[in-house]
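See structure below.
The values are calculated or read from the model by the stated rules, or taken from the named source; none is laboratory data. Everything quoted here is computed from the prediction, not taken from an experiment. Cβ sites come from the backbone with ideal geometry, for glycine too, and all protein chains shown count toward neighbours. Surface accessibility is based on the protein's heavy atoms, side chains included, excluding ligands, DNA and RNA. Shrake-Rupley method; radii C 1.70, N 1.55, O 1.52, S 1.80 Å.
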Amino acid sequence: MLLKMENTQPAGSFKLRGIGLLCQRAVAAGASHLVCPSGGNAGFAAAFAGAALGIKTTIVVPESTAATVCQRIRDIGAEVIVHGAIWDEANQLALQLCEQPGSVYIPPFDHPDIWDGNATMIDEAVQQAREQGVDFDVVICSVGGGGLMSGVLSGLHRNGLAHIPLIAAETDGAASLNAAVRAGELVSLPAITSIASTLAAKRVAAECFAWTQRHEVHSVVVSDAQAVSAALLFADQMRTLVEPACGAALAVAYENLPALAPYKRPLIVVCGGIGVSLSMLASWKERFAL
Ligand SMILES: *Cc1c(COP(=O)(O)O)cnc(C)c1O
């Protein structure tokens with residue numbers, strides 16, 4: 001089993017790879033202001049990228065975002081605007097702000113530069129595996145809006161590994177890719193009911209669904225309890241905290257799901273995430289009676 005430890009990336013998840021590249025290219029093209037509608041790992045990464053690039057950055061978050069998260073983003077140097085009850089309202093304001101010249105909209109997952117940047121984790125994994133004389137016969141990653149998955153697949157293809165299948169993990173209640181695969185077309189979930197808030201995209205990017213028609217992708221759904229249980233086991237075994245969003249991918253291995261049976265050497269993308277703490281893990285543990 002190989003692990004790509006994206007939790008150790010500067011913004012606590014893989015997000016800086018794609019969002020960082022998008023921000024970098026936007027600034028190179030003349031942007032003077034970055035605007036990102038996310039109180040999660042995407043907003044955190046955009047704030048991080050904006051600070052590194054020395055450019056004004058605004059993160060628009062809904063009222064449900066914890067004050068501690070807003071403070072963490074402000075501490076990096078970004079402006080935080082709290083607007084609207086739900087993400088869609090925060091997003092509307094972000095889009096409005098981007099009508100100003102020089103202001104560029106930074107989406108959380110749906111952009112080719114994001115997929116291009118996220119693909120670098122596979123460039124690295126391929127090189128690292130080669131150096132260590134090991135290889136992998138399947139990749140496991142979790143899916144929210146599909147920016148991670150699109151990057152992973154783009155990375156496999158550009159490294160001559162188009163034959164390596166992908167297991168795409170989601171939690172029950174946030175399984176928008178699974179719903180699309182079942183329907184045979186892009187669909188929107190009526191609501192999100194999973195605790196894995198980082199996977200809470202009601203609809204995946206069109207690119208993510210399109211990949212399922214040109215690559216061997218096995219869509220699997222785990223329960224919130226399984227995702228939390230995996231995060232707890234991982235904390236004990238690896239002394240590392242990850243979000244349930246990441247636990248979903250780990251659960252494929254910990255639960256030994258049937259989708260994994262044909263393979264011997266999985267590479268798991270440990271996507272990480274900042275939305276986890278000892279006390280949050282403890283409260284989920286209690287809630288799911290684990
Ligand atoms: C963003 C994120 C995901 C999901 O990525 P998508 O590109 O939205 O599919 C999963 N886990 C973590 C920790 C993330 O930050």
Report task. Output the residues belonging to the stretch 243-258 that are surrounded by fewer than 21 Cβ atoms within 10 Å (Cβ to Cβ) and more than 23 Å from E124 (Cα to Cα). Result -> Y254, E255, N256, L257, P258
Query - Positions within the stretch 134-143 being under 21 Å from the mean Cα position of the chain (by Cα) and either away from the ligand (no atom under 16 Å from the Cβ) or among the acidic types (D, E) (or both), in sequence order - result: V138
Requested in this report: Just name the residue that is nearest to the ligand (Cβ to nearest atom) out of those in the stretch 144-160 that are open to solvent by 10 Å² or more (accessible area, probe 1.4 Å) and in a helix (DSSP H, G or I).
Outcome: L148
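Between Q127, Q96, which is farther than 22 Å from G39 by Cα, without any contact (Cβ under 8 Å) to a residue 60 or more places away in the chain and away from the ligand (no atom under 16 Å from the Cβ)?
Only one candidate qualifies: Q127.
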Query raised in the report: Could we say that A261 is without any contact (Cβ under 8 Å) to a residue 60 or more places away in the chain and crowded, with 24+ Cβ neighbours inside 10 Å here?
Result: no
**Report entry** Candidate set: the stretch 1-41, residues that are modelled with pLDDT under 95 and more than 10 Å from the ligand (Cβ to nearest atom); chosen: the one least open to solvent (accessible area, probe 1.4 Å)
**Finding:** G39
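Search the stretch 161-178 for residues being closer than 19 Å to F209 by Cα and more than 16 Å from the ligand (Cβ to nearest atom), and hand back the single one that is most open to solvent (accessible area, probe 1.4 Å).
Selected residue: H163.
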**Report entry** Tally of residues being buried (at least 23 other Cβ atoms within 10 Å of the Cβ) and part of a loop (DSSP other than H, G, I, E, B) across the stretch 120-143
**Finding:** 1
**Report entry** Residue within the stretch 244-254 that is under 21 Å from V152 (Cα atoms), β-branched (V, I, T), within 19 Å of the chain's Cα centre (by Cα) and in a loop (DSSP other than H, G, I, E, B) present
**Finding:** no
Query raised in the report: Any residue in the stretch 189-197 that is open to solvent by 40 Å² or more (accessible area, probe 1.4 Å), within 15 Å of the chain's Cα centre (by Cα) and either at pLDDT 95 or above or not β-branched (V, I, T) (or both)?
Result: yes
Report task. Spot the failing condition for E63; the list is (1) more than 16 Å from the ligand (Cβ to nearest atom); (2) in contact with a Phe, Trp or Tyr (Cβ under 7 Å, 6 or more places away or on another chain), and only one is missed. Result -> (2)
Requested in this report: May I ask you to list the residues in the stretch 218-243 that are part of a loop (DSSP other than H, G, I, E, B), touching a residue at least 24 places away in the same chain (Cβ under 8 Å) and over 17 Å from G275 (Cβ atoms)?
Outcome: S223
Report summary line: Restricting the stretch 218-242 to residues that are within 13 Å of the ligand (Cβ to nearest atom), out of contact with any strand residue (DSSP E or B) (no Cβ under 7 Å at 6 or more places or on another chain) and not aliphatic (A, V, I, L, M), the one most open to solvent (accessible area, probe 1.4 Å) turns out to be T240
